[in-house]
1. How would the range A:221-278 be classified by its alpha-carbon gyration tensor: rounded, prolate or oblate, with rounded meaning a/c under 1.5 and the a/b versus b/c comparison settling the rest?
2. Over the range A:180-227, what relative contact order in percent results from Cα pairs under 8 Å that are six or more residues apart?
3. Nothing charged except the Cβ atoms of Lys and Arg (+1) and of Asp and Glu (-1): what's the magnitude of the dipole of the range A:217-360 about its Cα centre? Round to the nearest 20 debye.
4. Which whole-angstrom value gives the distance between the alpha carbon centres of the range A:215-289 and the range A:159-210?
5. Please report, in debye to the nearest 20, how large the charge dipole of the range B:3-82 is about its Cα centre when each Lys and Arg carries +1 at its beta carbon and each Asp and Glu carries -1 there.
6. What's the percent breakdown of Cα-Cα distances in the protein assembly as shown across 20 Å bins, shortest bin first?
7. By the scheme Lys and Arg +1, Asp and Glu -1, what is the net charge of all other residues having a beta-carbon under 12 Å from that of residue A:377?
8. Could you give each residue of the range B:5-14 its phi-based ³J(HN,Hα) in whole Hz, using Karplus coefficients 6.51, -1.76, 1.60 with θ = phi - 60°, and x for Gly or Pro?
Amino acid sequence: MIDLFDKHQSSVERHARMLQAGADAVGLTSAKLLSPTRAIINGRETVLAGTNNYMGITFDPDCIAAGKQALDAFGTGTTGSRIANGTYGLHRELESELADFLGRQHCIVFTTGYQANLGMMAGLAGPKDTIFLDADSHSSIYDGCTLSGASLVRFRHNDAADLDKRLARHDPQAGGRLVVLEGIYSMIGDRAPLAEFIEVKHKHGFQLLVDEAHSFGVLGPNGRGLADEAGLEADVDFVVGTFSKSVGAIGGFGAGDHPMFNAIRYNSRPYMFTASPSPSSVATSLAAVRKLKAEPQRRHRLAANSRRLFDGFHSLGLETCCDTVSPVIAVKCPDEPSTIGMWNALLEAGVYVNIALPPGTPNRQCLLRCSVSAAHTQADIDRIIELFGDVVASGAKMLDAGQEKMAQRA
Amino acid sequence: MTSSSNEIFAKLSELLMPFNSNGIELKPDTEISVDLDIDSVSVMDFVMEVEDHYNIDIPLNVLADTHTMSDLVKVVEGRIAQG
């Protein structure tokens, strides 16, 4: 008999090496949350700089009150799918609020952000269609594409000319064509060059979906995401987003203006065969979306905080992965052992960031990834910069010096 | 293998060089991901180089059933024939 776990041997060994170096990066536990930007981790008060809590809205008193009220009124869970007993007035109200926020005719709420991508890809594309996806797409996009059964063509990251070339090779009569982009790419924080892609859209003809998971609430004069910032919403057919970032809850959505959009509700397994999001989560999301609309100062503060961290890192001589400022700021590190070492040193000094290692990163880079929050104070941002100076900038210098010594010896 | 498949094998071997950091000898039955110990993203990146060289598309679903060097040679031959 072949043990099913045999195939996991190498990842188990890799994990064990990580544990030898310090904390468990994939099993870190926050014992207590003090605020959107503070937690007790390993007994220490820690500044959170890797939580995607862009608006810092998770402890907003109005959102919490709305959640408590929904718990009292609707109970702890819906115990049913959207297509059975799991659609409450609250779910409809959230869909309508989001459609209004996005300026779209239709919106469908899913139970998680991951499922929103699964549900939209599988609801839009079928086995006779082709999905063209950016090479750096999030795993939920890859998995949704696989679930759809469509033919999957991967194009080079942010390269509209590469997409153009691939579309030119494709027979437009062979089936529907869906192109998938992201507003802000989660690992390194760069944006899709939307205008260039829309030029290709006008040339070849396809339907376009933009996943605004990291840009919803963050970019654009209305906080609707990259297409809002670029003034190109009319050329984007479908928008996907999540509640687990700027909205501070859990869930996700798909939106669009297609007259048959609601057909996704009964043609998408990730929508049909899972319980609907819990009443409290829907209620806090609804309150949060209203806040995003009423309080644009949150995203202005986020932009200022992001700029401060970006400039601070650059003044330390650190190399970030992206030249454009966004709330995702990833610092390039030399290799896996030193990245693990620096991540642990930062954690012990009291700041949590994400550690990102291949194959989960573009171009096999090792990264320390920060995500900025509107709830960070200037002092928080300065503390993060200071600790990156102590740990990462000086660590890199030590490494350089070490390598020079090695070279001299050789 | 035919002369054309020999040529494709040689070209694939050349394109695979930057990804074959352990310098594993490539044979028709070499499993690209397993024997060369390269992750799934690197395999997709290598296939992009192949697509560019031959001006073809190899959809990811086709790649899912492509394991060995000779599997990939057959896929490339088939895609070139499709034009």
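1. On the way: a/c = 3.73, a/b = 1.30, b/c = 2.87.
Since a/c reaches 1.5 but b/c is at least a/b, the shape of the range A:221-278 is classed as oblate.
2. Numbers: 62 pairs, mean separation 19.8, N = 48.
Answer for the range A:180-227 is 41 percent.
3. Working: 13 positive and 13 negative charges, 139 e Å.
Using only the charged Cβ atoms, the result is roughly 660 debye.
4. If you average the Cα positions of each part, the centres end up 20 Å apart.
5. Values: 4 positive and 16 negative charges, 44 e Å.
Charge dipole, the range B:3-82, about its Cα centre: 200 debye, nearest 20.
6. 21, 53, 25, 1
7. On the way: positive: A:38, A:301, A:308, A:383; negative: A:380, A:382.
Computed value for this residue: +2.
8. Ordered by residue, 3J(HN,Hα) equals 6, 5, 5, 4, 4, 5, 5, 4, 4, 5 Hz.
Quick note: the coordinates plus some simple rules give every number you see, no bench work behind them. None of the values given here were measured: they were computed from a predicted structure. Note that we place each Cβ from the backbone using ideal geometry, even for glycine, and neighbour counts take in every protein chain shown.
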